[in-house]
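A short write-up of the structure that comes next.
The values are calculated or read from the model by the stated rules, or taken from the named source; none is laboratory data. None of the values given here were measured: they were computed from a predicted structure. Every residue, glycine among them, receives a Cβ derived from its backbone with ideal geometry; neighbour counts consider all protein chains shown.
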């Protein structure tokens, strides 16, 4: 049975290098890993505890919770906006963290990777996303990291799926996720 990894991407722009990195993870996943890229974050309302009540949870939030709840592991792919993760990822984590202590990410093996224009590949954003996931109750694999710097230059003419080094790195990340997910 394959390990189901659901991927959330912090950039909503269709041509973003982080969207392309998500495509690369799906296309270069090792045997035994099934990667799906979630596409509903653009319709997710901002978290509001007044709406997070039985019978009142917005359909987009429930769809996200259901999709993540059906997966074995979570992969976040984050660009870096102003030194931190994009609001869309933070908002998704907020919805997935509730009800507190029993949210969809509770104990779920989770990894954060990404690419950014700067020389460090978005490590600040990825660290912030890991912190938020930890607080939300996820089992964040702190030692599984991939930060690809200089994205605009590196991927100007080559899609990440066609970059041999990136393909090898994402396969390794997914293999680590599979190992932890299978142990759970």
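Quick grid of which residues meet (1) surrounded by 12 or more Cβ atoms within 10 Å (Cβ to Cβ); (2) free of Cβ contacts under 8 Å to residues at least 40 places away in the same chain:
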residue: 50; (1), (2): no, yes
residue: 65; (1), (2): yes, yes
residue: 98; (1), (2): yes, no
residue: 103; (1), (2): yes, yes
*Could you tell me which residue of the range 75-86 is surrounded by the fewest Cβ atoms within 10 Å (Cβ to Cβ), considering only residues that are touching a residue at least 40 places away in the same chain (Cβ under 8 Å) and out of contact with any helix residue (DSSP H, G or I) (no Cβ under 6 Å at 6 or more places or on another chain)?*
81
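When you scan the range 121-130, do you find a residue that is in contact with a helix residue (DSSP H, G or I) (Cβ under 7 Å, 6 or more places away or on another chain), modelled with pLDDT of 95 or more and in a helix (DSSP H, G or I), even just one?
Quick first cut of the range 121-130, residues in contact with a helix residue (DSSP H, G or I) (Cβ under 7 Å, 6 or more places away or on another chain) only: 129.
Checking which are modelled with pLDDT of 95 or more leaves us with 129.
Pick out the ones that are also in a helix (DSSP H, G or I) and you get 129.
Yes: the range 121-130 contains one or more residues that are in contact with a helix residue (DSSP H, G or I) (Cβ under 7 Å, 6 or more places away or on another chain), modelled with pLDDT of 95 or more and in a helix (DSSP H, G or I).
If the requirement is being crowded, with 16+ Cβ neighbours inside 10 Å, modelled with pLDDT of 95 or more and touching a helix residue (DSSP H, G or I) at 6+ places or on another chain (Cβ under 8 Å), which of these qualifies: 8, 12? Before the answer, list the steps.
On the way: 12 fails: crowded, with 16+ Cβ neighbours inside 10 Å.
Among 8, 12, only 8 is crowded, with 16+ Cβ neighbours inside 10 Å, modelled with pLDDT of 95 or more and touching a helix residue (DSSP H, G or I) at 6+ places or on another chain (Cβ under 8 Å).
State all residues of the range 12-36 that are farther than 14 Å from residue 171 by Cα and in contact with a strand residue (DSSP E or B) (Cβ under 8 Å, 6 or more places away or on another chain); if no residue qualifies, say none.
First pass over the range 12-36, keeping only residues farther than 14 Å from residue 171 by Cα: 12-20, 36.
Hits for the range 12-36 are 16, 17, 18, 19, 36.
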